[in-house]
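A short worksheet on the structure shown next.
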Amino acid sequence: MPLVQSVRRSCSFFCFFRSENAHGCNLISTAERQTKVSVELRPSSRTACIVALTILVPFAGAARAQSTNSIVPGPKPADAPSGWKIWIGEYGSKEITFTVGESEGHGFIIDKVAGKKWDLPSPPVETAAQVERSSTRFVVVHFWRDPVGRLDLCTNDLCWGKNAYGVDDQNVARVKPVRAIDDGLRAEALAATPPKETGNFRKPDLVELGLLDPGIRLDIRYATANDFLGTPVYSQARAFLQRPAAEALLRVQQKLKPLGYGLLIHDAYRPWYVTKLFWDATPPEGKIFVADPAQGSRHNRGCAADLTLYDPATGKPIEMPGTYDEMSPRSFPDYPGGTSLQRWHRDLLRRAMESEGFTVYEAEWWHFDYKDWKEYPLLNVPFEKLGLDAAEATH
């Protein structure tokens, strides 16, 4: 049975696809390729699976770090050779997708349709492959780069382009909004009213994260054009959490510091109108990654944080299997692709956050909810109204 229904004969551009509407391609001549790597794939022995704002001196007794041993996800693996990383990722379409990754110094391919994982005996950049699809048939796999530098994975006579998922050269994930933010969306969101709630809630007590510890750094993308919508949605680059969540986050920072890592905050408390703006601007296929304003977000309650790790020695973010705000399978916290070191760092972040009462969101490795989120109301206070004396602004 063919892998795809639509097959093209002309391979002058070698069927590279960035969109999810990928097609196959009959290979006329392998001599036309500039770079081709071939591999003999062997079945893997491993299992396949695919407000009252208060700004105070940092909490004196709350910052005592516990032992870091329990948060470390095993021995730290070596990084994959840099030449491998350009080949690591997702290839194909919604219907047929291959994951190429690295584990313990070996490459692998996961065929999501067949539900199988195959080891590469050598790096993709030096090799290509035979994959056993049944007891009688093998599929030859090639990795190659076309004349304009685009990357493909080819199975027998079909080629699959590497999916960029909207991530640009600056490692920023972007989507095309269904409407321009300044085409009425912002005004509509600001004029809208959050859903009414009933119940007994705690009094909001938002704490500014940037003042907690010099090791906690901010990269508030939504205050810049380097966000998934390509335009600023915050007027200020600030981050807040409810006090118990902020205290817990500080303890996480103290646990990570001896390991040589710090927390880099992308977002925390988010006014409700921004949640509505995100929902209205995001295309249907991306709505799994944004909260429904009719329900409100845990960000709106001041009990969710979007964050990652950074290296204090260089100030640079740590590489993860996918980038922040990326709307793709690589965003799932159990995504099996990437490199061993990327997955190790992702798991270290998760274990550190979970050790202090946070839970990772099932579709975003960077999003963590604090355990008490149900005890706080939805808030819709813009950042510019949060100051040293903001008690009245939350009521």
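Numerical summary
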| item | result |
| --- | --- |
| Unique residue being more than 20 Å from PHE289 (Cα to Cα), outside any strand (DSSP E or B) and either in contact with a strand residue (DSSP E or B) (Cβ under 6 Å, 6 or more places away or on another chain) or in the same structural domain as VAL381 (by TED's automatic domain parsing) (or both) when the list is ARG330, ARG301, ARG343 | ARG343 |
| Selection count where residues are under 17 Å from ILE88 (Cα atoms), among the charged types (D, E, K, R) and modelled with pLDDT of 95 or more, scope the range 305-337 | 2 |
| Condition met for PRO321 (in the same structural domain as LYS374 (by TED's automatic domain parsing) and closer than 20 Å to ARG350 by Cα) | yes |
| Some residue of the range 188-196 being of a type outside the set (Phe, Trp, Tyr), within 26 Å of the chain's Cα centre (by Cα) and under 27 Å from TRP373 (Cα atoms) | yes |
| Top-ranked residue of the range 225-241 - restricted to ones that are at pLDDT 95 or above and out of contact with any Phe, Trp or Tyr (no Cβ under 6 Å at 6 or more places or on another chain), ranked as surrounded by the most Cβ atoms within 10 Å (Cβ to Cβ) | ALA239 |
| Residue selected from the range 90-131 under the condition small (Gly, Ala, Ser) and within 15 Å of VAL141 (Cβ to Cβ), by the criterion modelled with the highest pLDDT | GLY101 |
| Any hit, the range 243-256, residues being in a loop (DSSP other than H, G, I, E, B) and not acidic (Asp, Glu) | no |
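The values are calculated or read from the model by the stated rules, or taken from the named source; none is laboratory data. Predicted model, so just to flag it, every value in this text is computed and none were measured. Ideal geometry is used to build each Cβ from the backbone, glycine not excepted, and the neighbour counts take in all protein chains shown.
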